[in-house]
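Reviewing the structure listed below.
The values are calculated or read from the model by the stated rules, or taken from the named source; none is laboratory data. Note that the structure is predicted; figures quoted are calculated from it, not measured. With ideal geometry, Cβ positions are generated from the backbone for all residues, glycine too; neighbour counts draw on all protein chains shown. Accessible surface areas use protein heavy atoms only, side chains included; no ligands, DNA or RNA. Shrake-Rupley method; radii C 1.70, N 1.55, O 1.52, S 1.80 Å.
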Amino acid sequence: MSGHILIAGASGVIGSAAVEHFTRLPGLKVTALSRRRPVTAADCAFTHAAVDLTVPDT
């Protein structure tokens, strides 16, 4: 599998679990969107973008 996945709400319970799950699949690049960086296992490699989807221009 190869591709790029974008996870909005990544700092929530389901979002952080999704980040951990998808970072463990080979060939996927993961980008996490949330106000705060998600708390995940130390071996999870992903890009985090700090955004608040309720505030324009963030």
### Query
Could you give the angle, 0 to 90 degrees to the nearest 10, between helix 13-23's Cα long axis and the longest principal axis of the Cα atoms of the chain?
40 degrees
### Query
Relative to a virtual label point 7 Å from the Cα of residue 29 in the Cα→beta-carbon direction, which members of the stretch 1-22 show backbone nitrogen distances below 14 Å?
2-7
### Query
For the chain, with every protein chain kept in place, what is the accessible area per residue (1.4 Å probe, Å²)?
67 Å²
### Task
Among (i) 3.9; (ii) 7.0; (iii) 4.8, find the value of mean projected area of the Cα convex hull in nm² that was calculated from the structure presented, and write down its label.
(i)
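Work through the residues other than residue 8 whose Cβ is under 12 Å from its Cβ and net out their charges, Lys, Arg +1 and Asp, Glu -1. Please report the intermediate quantities before stating the final value.
Numbers: positive: 35; negative: 52.
Charge balance in the 12 Å sphere: 0.
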### Task
Give me the percent of the accessible area of the chain that comes from carbon and sulfur atoms, probe 1.4 Å, all protein chains in place.
60 percent
#### Entry: Antiparallel bridges, percent of DSSP beta bridges restricted to the chain (to nearest 5)
0 percent
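Can you tally the net charge around residue 46? Count Lys and Arg as +1, Asp and Glu as -1, for every other residue whose Cβ sits under 10 Å from the Cβ of residue 46. Can you show the working numbers first?
Numbers: positive: 29, 37; negative: 20.
Result for the neighbourhood of residue 46: +1.
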